[in-house]
Amino acid sequence: MSEPFDKFREECGVFGIFSHPDAAAHTALGLHALQHRGQEAAGIVSFDGAQFYSHRALGLVGDNFNSAGIIGKLNGYAAIGHNRYSTSGDTLLRNVQPLFGDFSFGGLAIAHNGNLTNAMTLRKQLIDIGCLFQSTSDTETIVHLIALSKHSSVEDRLFDALSRVEGAYSLVVLANDMLIGVRDPLGVRPLVMGKLGDSIIFASETCALDIVGAQYVRDVEPGEIVIVTSAGIRSLKPFAKVQRRFCIFEYVYFSRPDSMSEGKNVYEVRQRIGAQLAREAPIDADVVVPVPDSGVPGALGYAKESRIPFELGIIRNHYVGRTFIEPSDQVRHLGVKLKHNGNRAILENKRVILVDDSIVRGTTSKKIVSMVRDAGAREVHMRIASPPTTNSCFYGVDTPTRDQLLAAKYNVIQMADLIGVDSLAFISLNGMYRAVASINRNNTAPQFCDACFSGDYPIPLTDFENDATKKQKDLFAEV
Ligand code: SF4
């Protein structure tokens, strides 16, 4: 079997559109642009004014929403969609979003990017009072809380439900003649709003607006509930105001480089991080080489700042999918070479600065370094465009447990030794803040979530602390 994925893994992508005759087709396109945020499953729910229509499937958007037949059955002028990489709950069809519920006020579909940190605690309470859960997804907790709310309007019920949950959430909700976009009070996960003619769109990233030709209007604010109906748009800010804590790792790795995140172009931010890294950790060398693809913008920034030539010293094979299974023991040892190859013409006899976005377990870094040395590099210096990743994420990102994170166990010198480099350096936490937002980190009220680097978790980890994070035992198997 292949080794575990050696990166933090993007969480989910959401998309919603209101008042468009081809709502489902546009949602499929939006989800396609957000495919990097989740590749295990995809789903779309549409609404035509009377009836909801749903198609959810395991696999990629392009494999499941590629026929006029499927899209043609998703009737209506409004739709929401979801790309999933499971951070809680299993990869079962029942867990694939959008989730749908029938309520006294009508139907409601919900798609969630993020993770609730008290979902298991709430779930136990809800089961005790008779709620019947259909999935193991944390998002279903919100559906039950909406059902139990004593309020009458959809927005009051939604706010009531969200007042009880903790965690990170960017939601798109489709109720009768209503599309709603919501971000949690800290705004940990992204959600943007766009406009296409008279249609309003919500999406995890602006690249999903670009693909359908929509204009970026603004980010949904932390703690904001934006309600779109045939009568217009309303914005509610019912939560108590708290310091916003957007996920800084969106800039480092998760978001697509062509997206605008909180008003900043991700590609430019990554270049600035690379430049800051060059100022903080300079070294004499002949070439700056990115670890493809995520190390490319950082390496460009490093190269420009250090005036050392940027070269593609590692070439990536784009045709090795994540589902590739090595067919036999004979080729298993090839490991990273299936995806990357050292470009000998560039590397031979050179002093190389390798730039990557992060080190998680360190297994891939070690293989890449050995590949670069095998291709003739004389010295290999590694520079990392984020601080050491010392803590797991509980806010909607798939991360290894802390004991599997290299930086949680070893100091920089030990890590350099384990990876096999001549030197290793990470950008500082403050340096990353300066590159992202031209500010120093306010240590008493940090401006971003940076918990995976600092251990400073901005939202309580209730389930973790109650030891309730163990996977929900699934009593039902789909075969
Ligand atoms: S812990 Fe890290 S990955 Fe998770 S939300 Fe915070 S900054 Fe982002």
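No solvent, one uniform scatterer per C-alpha: report log10 I(q)/I(0) for region 269-313 via the Debye equation at q = 0.19, 0.25, 0.32, 0.34 1/Å, two decimals. Taken in order of the listed q values, log10 I(q)/I(0) reads -0.45, -0.78, -1.18, -1.27. Take the Cα of Leu418, step 7 Å toward its Cβ, do the same at Ser153, and the gap between the two points is 5.4 nm. Relative contact order of the chain: 15 percent, from C-alpha pairs under 8 Å at least 6 residues apart in sequence.
Working from Cα pairs under 8 Å separated by at least six residues, relative contact order for region 165-237 is 30 percent. In order along region 459-467, the phi-based Karplus estimate (6.51 cos²θ - 1.76 cosθ + 1.60, θ = phi - 60°) of 3J(HN,Hα) comes to 10, x, 9, 4, 4, 4, 6, 8, 6 Hz; Gly and Pro are listed as x. Placing +1 on the Cβ of every Lys and Arg and -1 on the Cβ of every Asp and Glu, with nothing else charged, gives region 198-317 a dipole about its Cα centre of roughly 420 debye. Qualifying chymotrypsin sites (Phe, Trp or Tyr not before Pro) in region 223-292, where qualification requires a DSSP coil assignment and no more than 14 other C-beta atoms within 10 Å, are lacking entirely. Mind scanning Lys7/Lys409; Lys7/Lys339; Lys7/Lys367; Lys337/Lys366; Lys339/Lys367; Lys237/Lys264 and naming the pairs with a C-alpha gap bigger than 19 Å? Beyond 19 Å between Cα atoms: Lys237/Lys264.
Amide H to amide H, with H built 1.01 Å from N, Val217 comes under 5 Å of Met193, Gly194, Lys195, counting only residues 5 or more places away or on other chains. Using a Förster radius of 51 Å, what is the FRET efficiency between Ser235 and Ser370 based on their Cβ-Cβ separation? Nearest 0.05, please. Using R0 = 51 Å, I get an efficiency of 0.45.
Shown in residue order for region 222-228 are the 3J(HN,Hα) couplings computed by the Karplus curve 6.51 cos²θ - 1.76 cosθ + 1.60 at θ = phi - 60°: x, x, 9, 10, 9, 10, 10 Hz (x for Gly and Pro). Within region 194-268, none of the GluC sites (Glu not before Pro) combine a DSSP coil assignment with at most 11 other C-beta atoms in a 10 angstrom radius. Loop-located trypsin sites (Lys or Arg not before Pro) in region 373-431 (DSSP state other than H, G, I, E, B) with a sparse environment of at most 15 neighbouring Cβ atoms within 10 Å: Arg378. A simple spin-label model places the labels of Asn430 and Asp160 4.9 nm from each other, with each point 7 Å out along Cα-to-Cβ.
Between amide H atoms placed 1.01 Å from N, distances below 5 Å from Gly107 occur with Asn176, all of them 5 or more places distant or on a separate chain. Using the Cβ-Cβ distance between Asn411 and Asn349 with R0 = 30 Å, the FRET efficiency computed as 1/(1 + (r/R0)^6) comes to roughly 0.45. The long axis of helix 119-128 is offset from the longest Cα principal axis of the chain by roughly 30 degrees.
Enter the angle in degrees (range 0 to 90, nearest 10) between the Cα long axis of helix 363-374 and the first principal axis of the Cα atoms of the chain, meaning the one along which they spread out most. Roughly 30 degrees, rounded to the nearest 10. Between helix 266-280 and the chain there is an angle of about 40 degrees, using the helix long axis and the longest principal axis of the Cα atoms. With a Förster radius of 30 Å applied to the C-beta separation of Leu93 and Asp403, the computed FRET efficiency comes to 0.40.
Summing Cβ point charges (Lys, Arg +1; Asp, Glu -1) relative to the Cα centre of region 346-479 gives a dipole of roughly 420 debye. Less than 17 Å from a label point 7 Å out along the Cα-to-Cβ axis of Asn466: which backbone N atoms in region 153-173 qualify, by residue? Zone members listed by number: 161-168.
Every number here is computed from the coordinates shown, using simple stated rules; none is lab data. The structure presented is a predicted model; accordingly, all values stated were derived computationally and were not measured. As a convention, Cβ positions derive from the backbone with ideal geometry for all residues, glycine included, and neighbour counts pool all protein chains shown.
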